[in-house]
Amino acid sequence: MTTVDIGALTDAEVIERSIRDPESFAAIFDRHAAHIHRYLARRLGAGIADDLAAETFLAAFRRRERYDTVYPDARPWLYGIATNLVSQHRREEEREYRLRQACVPTTSEASHADRVATVVTAQSLRHTLLHALTELSAGDRDALLLIAWEELTYDQVAAALAIPVGTVRSRLNRARRLLRQALGGDINITIEEAMSNG
């Protein structure tokens, strides 16, 4: 019997193989678990991310027979599953945003006026940004976070959310416009740069 090097196979080939050999699906987990977990942790916090990352891969395993093998990279598909799970936990996500806002540390170093001003400005910007994110529609927020945090291309976001690329572009433009308005419209950093610190 010929031994197959799973590491040399594309995701699509591994998924196809896993229909006959379920244990080979572990390679998909090994390749993508860290990315999916990071995305979920940024969206919902580390505690929920552990559970939802496991649910993401369990759902993917159950749906593997329906995977479109035209796509060699399964990561956008996994992001789509994870994003759907985030949508099911939308209330927890909004609660987490509020908790993060409330937990921003304060400083008592009155003698360092410049440092205090910088910290206060950063906290204010973050507070405003997180609040503005909760005001976006779920679709706009999903598209923006997949691009800003996960650095997916428009095509990959379209695949993850099962929407046309044109819809991704319009959602992203609308989200950026609304966030710029919320941040005062005259900031010198991009929305993605502001969010990368969140």
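Applying the selection to the stretch 17-28, what residues are in contact (Cβ under 8 Å) with a residue 24 or more places away in the chain and surrounded by fewer than 17 Cβ atoms within 10 Å (Cβ to Cβ)? Scanning the stretch 17-28 gives ILE19, PRO22.
Using the structure shown, decide if ALA148 is modelled with pLDDT under 95, touching a Leu at 6+ places or on another chain (Cβ under 6 Å) and either open to solvent by less than 30 Å² (accessible area, probe 1.4 Å) or at positive phi (or both). Taking the combined requirement at face value, the residue does not satisfy it. One residue stands out in the stretch 29-48 among those that are basic (Lys, Arg) and open to solvent by 40 Å² or more (accessible area, probe 1.4 Å): the one that is nearest to HIS131 (Cα to Cα), namely ARG42. In the stretch 166-178, the condition of being surrounded by 14 or more Cβ atoms within 10 Å (Cβ to Cβ) and not in a helix (DSSP H, G or I) is met by no residue.
The values are calculated or read from the model by the stated rules, or taken from the named source; none is laboratory data. Since the model is a prediction, treat every value here as computed from it, not as a measurement. We place every Cβ from the backbone using ideal geometry, glycine too, and count neighbours over all the protein chains shown. The protein model used for the area step is the full one, side chains on, heavy atoms only, and it has no ligands, DNA or RNA in it. Shrake-Rupley method; radii C 1.70, N 1.55, O 1.52, S 1.80 Å.
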